[in-house]
Amino acid sequence: MADAKIMVVLVVALALLQVSCAADRATTPTPPRPTSSTTSRPAGLRHKKAPHHHSGGHHGGGTPAVMTANGFRRGESGGGPSACDGHFHSDGELIVALSTEWFARGRRCHRRIRITSARHGRTVEARVVDECDSRRGCRHNIVDSSPAVWRALGLDTDVGEVHVTWSDA
């Protein structure tokens, strides 16, 4: 009888936890939409800008995040094809996957973000091509980046993760 009561308490506690998590997800605000200056160009007219590298002392504003290394080629750590275009990508591309909330249901697909190393202030722009799915284990503060992004920031991917800030470019 005591075991049955304990089991009922555990089931009720688990149900309350799930309801609480669902309510939290429903009330979490979505990130701001990209500005009209980035949405006014038709997709076919977007030009590819050269990567921007900055190595001054500017640490910039932006959203604090943890940058992790990700492979975007078939068979690498990124898993399947990118959510934005259904393709695999070269490790030489300046590309990232953002945590679910920041990915904003794909609204940041193909947009450029500016990533700044908290260590030395170097900055690079990279294109969003994928989601780091927070519902499947990705933490909520991740900028999952290609090896090219790490190299552009002068960082070693073997470190695993580093603190950065990011903003829409």
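Just so it is clear, none of the values below were taken in a lab; they were calculated from the coordinates. Computed from a prediction, not measured in an experiment: that's the story for all the values here. Neighbour counts run over all protein chains shown; Cβ positions are idealised from the backbone, glycine included.
For the range 51-168, the residue among HIS120, TRP166, LEU153 whose Cα projects farthest onto the positive side of the dipole built from Cβ charges is TRP166. Under the convention that each Lys and Arg Cβ holds +1 and each Asp and Glu Cβ holds -1, the size of the dipole of the range 51-168 around its Cα centre is about 280 debye. Each peptide in 156-165, 104-113 was scored by the mean count of other Cβ atoms within 10 Å over its residues; highest first, the order is 104-113, 156-165. Once you reduce the range 132-169 and the range 90-110 to the center of their Cα atoms, the two points are 10 Å from each other.
Rounded to the nearest whole Hz, the Karplus-based 3J(HN,Hα) values (6.51 cos²θ - 1.76 cosθ + 1.60, θ = phi - 60°) of the range 113-126 follow the sequence 10, 9, 10, 10, 5, 6, 6, 9, x, 5, 10, 9, 9, 9, with x at glycine and proline. For the peptides 66-72, 135-141, residues were scored by their other Cβ atoms within 10 Å and the scores averaged per peptide; the highest-first order is 66-72, 135-141.
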